[in-house]
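Let me begin by presenting the structure, written as structure tokens, before commenting on it.
What follows draws every value from the coordinates through simple rules; no lab data is involved. As the structure is a computational prediction, the values presented were derived from the model and not from experiment. Methodologically, a virtual Cβ is constructed for each residue, glycine included, from the backbone with ideal geometry; neighbour enumeration extends over all protein chains shown.
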């Protein structure tokens, strides 16, 4: 009777029942090594929820990547897991793991267009019409943008910036400020000054 009353009080307070179960990760916590990053995820409900979220997003991405050649998604995911597990070296391990999950979720959602996008937005750079950058923005967490220039594409995640919106990829960056964009494409490459092309963006 006492247990029933406690459950009733939780329900009346609007608190979720079995919340600890809901936060369990997708892997078997009984089989993870003690002191490992997987053990930390098992012990931290918020990280367990992120693991569940990533599993759902990965499944959605897999459905879109079924005809992908070469099949990069599985290999990249194995690499990401190895990188996540390297968080044992971090001073703040839970923060490192949380950031790793959030970034991976955002990357998958943007790369495989799993969320509604803003764009594409076309930019002409350095006053040369043929020097075109195309940006498609996604409301991920952190926010992301897929930028195309020439024959290459870069997925970038939003970084903290004093003004405007700044995104960083592997060796590329995109800084949107007051309707214009500064784009760097390649390691130590010069900045390109880009402006939206009104005639293309109306299409």
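Taking 0.36 nm per intervening residue step and subtracting the Cα-Cα distance, what contour gain separates residue 86 from residue 134 on full extension?
In short, 13.8 nm is gained.
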**OP:** Considering Cα pairs under 8 angstrom that are at least six residues apart, work out the relative contact order of the chain and quote it in whole percent.
**Re:** 12 percent
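Within 10 Å, count the other beta carbons around each residue, average over each peptide in 42-52, 153-163, and list them highest first. Spell out each step's value before the answer.
Values: 42-52: 17.7, 153-163: 14.3.
My ranking of the peptides, most packed first, is 42-52, 153-163.
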Subject >> Which label in (i) 61, 39, 28; (ii) 76, 38, 38; (iii) 70, 45, 27 gives the computed Cα extents along the principal axes in Å >> reply: (ii)
**OP:** Find how many whole Å separate the alpha carbon centroid of the range 40-91 from the alpha carbon centroid of the range 104-139.
**Re:** 23 Å
Original post:
If one takes the longest principal axis of the Cα atoms in the chain, at what angle in degrees, from 0 to 90 and to the nearest 10, does the Cα axis of helix 45-64 lie?
Top reply: 50 degrees
Subject >> Highest to lowest packing among 74-80, 104-110, scored as the average C-beta count within 10 Å >> reply: 104-110, 74-80
Original post:
PRE reach from residue 193 (point 7 Å along Cα→Cβ): which of the range 122-159 fall under 14 Å by backbone N?
Top reply: 124-128
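What is the percent of Cα-Cα separations in the range 118-197 that go past 17 Å? If you can, show how the numbers build up before the last one.
Working: 1185 of 3160 pairs.
Of all Cα-Cα pairs in the range 118-197, 38 percent lie more than 17 Å apart.
With r defined as the distance between the Cβ atoms of residue 24 and residue 75 and R0 fixed at 30 Å, what FRET efficiency is calculated, to the nearest 0.05? Each step should come with its number before you reach the end.
Numbers: r = 27 Å, r/R0 = 0.89.
The value I calculate is 0.65.
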Original post:
If you average the sequence gap of Cα pairs under 8 Å that are 6 or more apart and divide by the length of the range 118-197, what percent do you get for the contact order?
Top reply: 23 percent
